[in-house]
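Following: one structure in structure tokens, then a few remarks.
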Amino acid sequence: MTVPRFRPGEGWYTELLAPALAKSGKYIATNSDPKGPADQRSTFYGQIFKFFVDAVPEAYGKVDTVIVDSKAPKLPQDGTVDLVIVMREVHGLINNGSFNAWLPEILHALKPKGVLGIEQHRAPPTPTPPRVPRKATCPRSG
């Protein structure tokens, strides 16, 4: 099973997923460039994750890290992914205006009948949620 974890942050879910996939699967982390601009928060998170995975490689097996631009993502997996996991990130994607860029890329990476798993915080009941497209299409797949 091939499973990308969208923006792994400080690695909490990596600690669970990478060892489980190490022997009979593939764990991929989409992350920002740890060598990016020093004043960018995304660079900081890229550095934290790299340090985390590099510190104990025997615990996590081989973790593939795909460096992406979060505003204009391009995922190299083309219909080869079984499950994409997005943990606690949808609000950030909507807030920074990149949700509509990411969703088609995720769909493009998934195999037919692949699964997109989203775990998200619950919003207060009073605000009106933002409108997102009902059906996303991937411009790369035609």
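The values are calculated or read from the model by the stated rules, or taken from the named source; none is laboratory data. Owing to the predicted nature of the structure, the values given are computational and were not obtained by experimental measurement. Positions of Cβ are generated from backbone atoms using ideal geometry, with glycine treated the same way; all protein chains shown enter the neighbour counts.
Find all pairs meeting these conditions: Cβ atoms under 8 angstrom apart; at least six residues apart or on different chains; first residue within the stretch 77-105 and of a type in the set (Lys, Arg); second residue loosely packed, with under 14 Cβ neighbours inside 10 Å and not in a loop (DSSP other than H, G, I, E, B).
Arg88/Glu119
Of all residues in the stretch 37-76, count the ones that are more than 22 Å from Ile106 (Cβ to Cβ), without any contact (Cβ under 8 Å) to a residue 40 or more places away in the chain and surrounded by 17 or more Cβ atoms within 10 Å (Cβ to Cβ).
2
Consider Asn31 carefully, then state whether it is surrounded by fewer than 17 Cβ atoms within 10 Å (Cβ to Cβ) and within 30 Å of Pro124 (Cα to Cα).
No; evaluated as a whole, the condition is false for this residue.
Is there a residue being within 14 Å of the chain's Cα centre (by Cα) and not polar (S, T, N, Q) anywhere in the stretch 54-61?
Step one: filter the stretch 54-61 for residues within 14 Å of the chain's Cα centre (by Cα), giving none.
Among the residues of the stretch 54-61, not one is within 14 Å of the chain's Cα centre (by Cα) and not polar (S, T, N, Q), which makes the answer no.
Anything in the stretch 26-36 that is in contact (Cβ under 8 Å) with a residue 12 or more places away in the chain and not hydrophobic (A, V, I, L, M, F, W, C)? List them, or say none. Working first, answer last.
Taking the stretch 26-36 first, the residues in contact (Cβ under 8 Å) with a residue 12 or more places away in the chain are 26-34.
Result: Lys26, Tyr27, Thr30, Asn31, Ser32, Asp33, Pro34.
If you go through the stretch 48-68 one residue at a time, do you hit one that is part of a loop (DSSP other than H, G, I, E, B) and closer than 17 Å to Gly117 by Cβ?
Pass one, the stretch 48-68, residues part of a loop (DSSP other than H, G, I, E, B): 56, 61-62, 68.
Then keep just the ones that are closer than 17 Å to Gly117 by Cβ; that gives none.
No, the stretch 48-68 contains no residue that is part of a loop (DSSP other than H, G, I, E, B) and closer than 17 Å to Gly117 by Cβ.
Select from the stretch 86-120 the residues that are touching a helix residue (DSSP H, G or I) at 6+ places or on another chain (Cβ under 7 Å) and outside any helix (DSSP H, G or I) and write down the one among them that is modelled with the lowest pLDDT.
Here the residue is Gln120.
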